[in-house]
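Notes follow once the structure below has been shown.
The values are calculated or read from the model by the stated rules, or taken from the named source; none is laboratory data. Values in this document were obtained by computation on a predicted structure and should not be read as measured data. So basically every Cβ, Gly included, is an ideal-geometry build from the backbone, and we count neighbours across all protein chains shown. Just so you know, the surface numbers come from the protein's heavy atoms only, side chains and all, with ligands and any DNA or RNA stripped out. Shrake-Rupley method; radii C 1.70, N 1.55, O 1.52, S 1.80 Å.
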Amino acid sequence: MATSSHSLLLQNPNRALLKTPSRSILPTTHLNTLKLPTKLISIRCAATTQTQDHRPLAQTQSQDRVFNFAAGPATLPENVLLKAESELYNWHGSGMSVMEMSHRGKEFLSIIQKAESNLRTLLKIPSEYAVLFLQGGATTQFAAIPLNLVKPDEPVDYLVTGSWGDKAFKEAQKFSKAKVIWSGKSDKYTRIPSFEGLEQSPDAKYLHICANETIHGVEFKDYPTPKNGLLLADMSSNFCSKPVDVSKFGIIYAGAQKNVGPSGVTIVIIRKDLIGNAQEITPIMLEYKIHADNNSLYNTPPCYGIYMCGLVFEDLLAQGGLEEVEKKNKKKAELLYSAIDGSNGFYRCPVERSVRSLMNVPFTLEKPELEAEFVKEAAKEKMVQLKGHRSVGGMRASIYNAMPLAGVEKLVAFMKDFQSRHA
């Protein structure tokens, strides 16, 4: 494979002092004074073709990478990162990076259109739903939803199973008559109620849930039926982790930074008949109609983030779709929960077993004074971001789609060894 001067610059920044593709930066009389490393470096081409097989590179790359159990931004598939690396400098022969493209140019239009098409395939999204690529995180949607769907004096219901559901409710109070019909706060957000016993408001315009609570590790395995038929869900931390019947929902929204891309992209899947009824005070950037009418290109979108999401969608399809992805996620979660439950109380997961998350696994140590040591020792073994959220403490292992089984196996082996030395 031929190696261009461009790829040399990417692989060894010191080369930038010597040469660019078109001209020398420094006078030749100064070159002898440069102190360059004498150690040989390995150089490979950073501008490869689309069809390059990245599997050997992924094996090499993994030796230098940690197992990242962060809740978000989170680990991304290695093959996706390597493909992005290979396309970074010159995307598909366009002569520019995705980061440099006009969002209205044909190149980026092909990227965003393919990303939407693949997402529709993954989730089997019906044609009567719009897919929007937005910004501001799921937190911005806490306000956008009531602003777009109801009038200030109209009632809406919130089923609160964790911190994010509670934040969504508090924001909705500013723009609607929001009501909490059930909260798990008194139980420290460790369970989900029986749907039959829910006392929904008879005139509520929608019922809102957080499908997976990232902090507390509580996940809906089934979904309640709203009295008026309109169910809305924040799926930020389990988006594209399993098949979902989109037709059960009026809106599904998610921040990309946990399962499908880097931070900066928010995906909204909305039934088209719900678009176009925003309150007059709605800021234009929060109005769904403006984004739907402009195909998510009303203003400059997070182009590179959308491109990365598109690569992840391709990867999920290549794995066999969300049915296969869910099988892998269940296997990882069962392995970790079994280790916790089989530790004779050394480790404990507070969440009711029937609603334990496949994505975020919180656990505590029988001896809290060992938690800092646990985190420190795990980091030495290249397992990072295991400290629990500051609001609840303990440990938390986020095992999203891109966390390989090997990462969970290594964590479980470490947990058993740590217990044997500290029990």
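In the chain, the longest principal axis of the Cα atoms and the axis of helix 78-87 are about 50 degrees apart. Just need the relative contact order of the stretch 79-319 here, percent rounded to a whole number, with Cα pairs under 8 Å and 6+ apart. Relative contact order for the stretch 79-319 comes out at 27 percent. All other residues whose Cβ lies under 15 angstrom from that of Val160 are scored, Lys and Arg at +1 and Asp and Glu at -1, for a net of -2. Given an 8 Å cut-off on Cα distances and at least 6 residues of separation, report the relative contact order of the chain as a percent. Over the chain, the number comes to 19 percent.
Which percentage, to the nearest 5, of the DSSP beta bridges contained in the chain is antiparallel? Beta bridges within the chain, antiparallel portion: roughly 55 percent. Highest mobility in the GNM of the chain, judged by mean-square fluctuation with C-alpha springs under 10 Å and restricted to Ser86, Ser97, Ser357, is found for Ser97. Restricting the stretch 73-153 to trypsin sites (Lys or Arg not before Pro) that sit in a DSSP loop and have at most 11 other Cβ atoms within 10 Å of their own Cβ leaves Arg104. Partner lysines whose Cα lies under 18 Å from the Cα of Lys106, excluding those fewer than 8 positions away in the same chain, are identified as Lys114. Pairs from the table (Lys331/Lys416; Lys242/Lys328; Lys83/Lys410; Lys188/Lys376; Lys221/Lys327) lying more than 20 angstrom apart at Cα are Lys83/Lys410; Lys188/Lys376. To the nearest 10 degrees, how steep is helix 163-172 against the longest Cα principal axis of the chain, on a 0 to 90 scale? Computed tilt is about 70 degrees.
Seen through its C-alpha gyration tensor, with square-root eigenvalues sorted a ≥ b ≥ c, the chain comes out oblate because a/c lies at 1.5 or above while a/b is not bigger than b/c.
Annotation: per residue accessible area for the chain equals 48 Å², rounded to a whole number [probe 1.4 Å, protein chains only]. Near Met383: Cβ cut-off under 10 Å, other residues only, Lys/Arg at +1 and Asp/Glu at -1. The net charge is +1.
Any idea what angle helix 137-149 forms with the longest principal axis of the chain, computed on alpha-carbon atoms, 0 to 90 degrees, nearest 10? The answer is roughly 40 degrees. Annotation: lysines with alpha-carbon distance below 19 angstrom to Lys151 (same-chain offsets under eight excluded): Lys170, Lys174, Lys177, Lys179, Lys205, Lys227, Lys272, Lys289.
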